[in-house]
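First up is the structure itself, then whatever we jot down about it.
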Amino acid sequence: DVVQRLLKDELAFKGLVFTDALVMKGASSTPHVCLQALKAGNDVVLSPPDIEKEINEVLQGVGRGEISEEEITLKCRKVLTYKYALGVYTVSPVTITGLKKRIDTPETHRLIKQLNEAAVTVLCNKERTLPFEALAGNKIAILNVGKENKTMAFSGVAGKFVRSKWFQLSQELTEVEGRRLCDSLASYKHTIVCVSENDLRPYRNFFKLLIPNLSVVYVFFTPKETISQVEQFVVSASSVVLGHSADENVQIHVANILFGKAPANGRLSESIGRSFKAGDGITISPRGNTHSASSKSIIRKDYLARIDAIAKEGILEEAYPGCQIVILKDGETVYDKCFGTFTGRDRKVSPTAIYDVASLSKTSATLLAVMKLYDKGLFKLSDKLSDYVPFLKETDKENIIISDALFHQTGLPATVPYYRKAIDETSYKEPMFRKRYSVTYPIRVTPTIYAQKGIRLKNEYLSHTPDDNYSIPIADNLWLDKSFKEVAMQEIINTPLESRKYRYSCINFILLQQMVEQLSGMTLDKFLMQEFYEPMGLKHTSFQPTYYFAKKDIVPSTKDLFLRKTTLQGYVHDEMAAFLGGVSGNAGLFSTAHDIAQIHQMILNNGVFDGHRYLSEDTCRLFTTETSELSHRGLGFNKPVAGDPKRNPCSELTPASVYGHTGFTGTCAWVDPKNNLVYVFLSNRLYPNG
């Protein structure tokens, strides 16, 4: 009745209907379970207990007339139709190479975190106790029930919002001691009972003593079954919050709910005793507003309207198909708009559209990692880069100073085209490039450089099918041999060092990446995800985005007719970064204007974001204010060039304290400490052909 009458007849559902796993205890004991499931209207039966036996019983059922052959045929055709529509009608073996990396990803961990947070349920909230009102001058008590160090994440976050006193409840507490503890708790505005112990029987006598007029908030960092043990005491509490687990992220989220910094929308999946029924749950909304009217009012509306006009003009003049713009003032969003489309004629740009930020990776990724390791005291700016990048020893680059690499004054060239080592020399004649278009040089690489047609890549380094060696995707259906990084590094070693002067060089930041990975013991992308992107809640930021995001959500960068012969969507445009596997110190980061703005706001906040410190104030001040004696550059950041409009990356009106960076794909982020502003612009100006 449920499948056929309700789902198909009344609700007119036309899709495929699957059973649950029939091998489970509740179903496996049913005679002829697969036959019964098919007769009930299901199209696909999952995990039958004995496949061969169940097939025979279905065939016998057809023979007995219990289900017709036509109905079985109809179900088969329906399944095949959906397989064809979904593109799974041919056998596509799972590529084992890189499987763990594809599954165990930061995006997976983010999803788990989101699911855990969404499951947090407020079961009761008498007199709207939660979220707590301003507690200025008041203190709260945190009573821990369980191991002493198990809820430290919760109490740590709570301590940022209010003064608190921490108590540990002992299993051996006598009645006299219990009454004294209750008397102590009575002097606090609220008492938060943090439960991380699954067995609450030893504590029941104390819970009886908690006086009814005491404001008690129970927080359970345990499975829901734990509540049943103390249900009779919990029902009289001011509030009850079920976190389901003592995971650190859950503790932080629950603390933010209690103090009005995060929402709670969870509902019970099944009842707990007689007091809490399936479906119970109270929605808690965070206090405050993300947008500040006072901040918005500081910026004149006609100025913001001019930004609209300029952004639209860029699209009309075909400077770019679309863009995102975010402006923060005093930490508040005062402008957040998207214009145009991904490619000029298809999907509209949205705030979650993910862009290749090109060299903006230098400040939004590599420099962050460098600052973090400097914060930890793992190197000095006056140290030699070769102290941490051993392959530079006994080369002409052995004496490069870390600060010089950040200032771009090492003597390294702007680029080292090591990707040419992957090009088949027999597929072209020198020179490979010309400055003008011709029949022989028809492929536009940049506005002033054209390449020969017919250039091929070496099978030695590139393959159209992956395996254990060709395991790094650099375009759709194109995999790089993992050994190519050694080739790239050797080309950098072989490239002669020039005079020490300002020369913007991607190689500086590629070498800084090697230092970061040596000191952190992790790849650059994983280190950044662990230290910044994941804890900051940057949900649309990563290297190698095709591992983490749907391709349709990533804005195409360009059509690469030169090397990779395809549209680059989710693969870094920069050739040097691409041939390092997409994780590179100079480029490779993909993000949104919102996330990039949050990164730079954290730096403007002297290392603090959303109540958590990521970098020390001293480190932020040093890296954002120090300037080279040879140029206008800062430590990793670009800065205004006063009095030289041709070389100035900013307006003449820009304060000297401004810092930021740009990216070749049409991106920039600038921070103005004087006016407390963050400005981010992302586009794909290189689409379709540079």
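The values are calculated or read from the model by the stated rules, or taken from the named source; none is laboratory data. What you see is a predicted model; the values in this text were computed from it and never measured. All Cβ positions, glycine included, derive from the backbone under ideal geometry; neighbour counts span all protein chains shown.
Couple of notes before you dig in:
- Filtered residues of region 429-443 (kept if in contact with a Lys or Arg (Cβ under 8 Å, 6 or more places away or on another chain), surrounded by 14 or more Cβ atoms within 10 Å (Cβ to Cβ) and free of Cβ contacts under 8 Å to residues at least 24 places away in the same chain): Met432, Tyr441
- Only a single criterion out of (1) of a type outside the set (Asp, Glu); (2) part of a loop (DSSP other than H, G, I, E, B); (3) farther than 20 Å from Cys668 by Cα is not satisfied by Met529, namely (2).
- None of Thr446, Thr465, Thr426 is surrounded by fewer than 15 Cβ atoms within 10 Å (Cβ to Cβ), within 33 Å of the chain's Cα centre (by Cα) and more than 23 Å from Asn586 (Cβ to Cβ) except Thr465.
- Among the residues of region 204-219, those identified as more than 18 Å from Asn149 (Cβ to Cβ) and not polar (S, T, N, Q) are Arg204, Phe206, Phe207, Lys208, Leu209, Leu210, Ile211, Pro212, Leu214, Val216, Val217, Tyr218.
- Filtering region 621-659 to residues that are free of Cβ contacts under 8 Å to residues at least 40 places away in the same chain, under 28 Å from the mean Cα position of the chain (by Cα) and under 17 Å from Asn676 (Cα atoms) leaves Arg621, Val658, Tyr659.
- Enumeration of residues in region 297-334 that are surrounded by 18 or more Cβ atoms within 10 Å (Cβ to Cβ) and among the hydroxyl-bearing types (Ser, Thr, Tyr): Tyr320, Thr333
Every residue, every condition in (1) under 26 Å from Lys559 (Cβ atoms); (2) within 26 Å of the chain's Cα centre (by Cα); (3) of a type in the set (A, V, I, L, M, F, W, C), yes or no:
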site	(1), (2), (3)
Tyr437	yes, no, no
Ala451	yes, no, yes
Arg456	yes, no, no
Asn469	no, no, no
Asp476	yes, yes, no
Leu511	no, yes, yes
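- Restricting attention to region 90-104 and to residues that are outside any helix (DSSP H, G or I) and of a type outside the set (Gly, Ala, Ser), the residue that is surrounded by the most Cβ atoms within 10 Å (Cβ to Cβ) turns out to be Thr97.
- Within region 232-290, restricting attention to residues that are surrounded by fewer than 18 Cβ atoms within 10 Å (Cβ to Cβ) and in contact with an Asp or Glu (Cβ under 6 Å, 6 or more places away or on another chain), the residue that is farthest from Tyr218 (Cα to Cα) is Ala278.
- Hits in region 54-89 (condition: exposed (fewer than 12 other Cβ atoms within 10 Å of the Cβ) and in contact with a helix residue (DSSP H, G or I) (Cβ under 9 Å, 6 or more places away or on another chain)): Ser68, Glu69, Val88
- Counting only residues that are in a helix (DSSP H, G or I) and either basic (Lys, Arg) or out of contact with any helix residue (DSSP H, G or I) (no Cβ under 7 Å at 6 or more places or on another chain) (or both), region 206-224 holds 1 of them.
- Those residues of region 190-212 which are among the charged types (D, E, K, R) and modelled with pLDDT of 90 or more, in sequence order: Glu197, Asp199, Arg201, Arg204
- Some residue of region 246-257 being assigned to a loop (DSSP other than H, G, I, E, B), assigned by TED's automatic domain parsing to the domain that holds Asn116 and among the hydrophobic types (A, V, I, L, M, F, W, C): yes
- Of the candidates Lys435, Lys362, the single residue that is at pLDDT 95 or above and either basic (Lys, Arg) or more than 30 Å from Gly521 (Cα to Cα) (or both) is Lys362.
- Close Cβ contacts (under 7 Å, 6 or more residues apart or on different chains) running from residues in region 451-466 that are within 16 Å of Gly581 (Cα to Cα) to residues that are among the charged types (D, E, K, R) and crowded, with 17+ Cβ neighbours inside 10 Å comprise Tyr461/Asp481.
- Screening Val176 against (1) surrounded by fewer than 15 Cβ atoms within 10 Å (Cβ to Cβ); (2) touching a Cys at 6+ places or on another chain (Cβ under 6 Å) leaves a single unmet condition, (2).
- Subset of region 545-560 (residues that are under 17 Å from His573 (Cα atoms), touching a Ser or Thr at 6+ places or on another chain (Cβ under 8 Å) and of a type in the set (Ser, Thr, Tyr)): Tyr547, Ser557, Thr558
- Residue match in region 156-167 (condition: touching a helix residue (DSSP H, G or I) at 6+ places or on another chain (Cβ under 8 Å), buried (at least 19 other Cβ atoms within 10 Å of the Cβ), in a loop (DSSP other than H, G, I, E, B) and at pLDDT 85 or above): no
- For region 380-403, the set of residues classified as of a type outside the set (Ser, Thr, Tyr) and buried (at least 19 other Cβ atoms within 10 Å of the Cβ) consists of Leu385, Val389, Leu392, Lys397, Ile400, Ile402, listed by residue number.
- Among the residues of region 16-41, those identified as surrounded by 16 or more Cβ atoms within 10 Å (Cβ to Cβ) and part of a loop (DSSP other than H, G, I, E, B) are Val17, Leu22, His32, Gly41.
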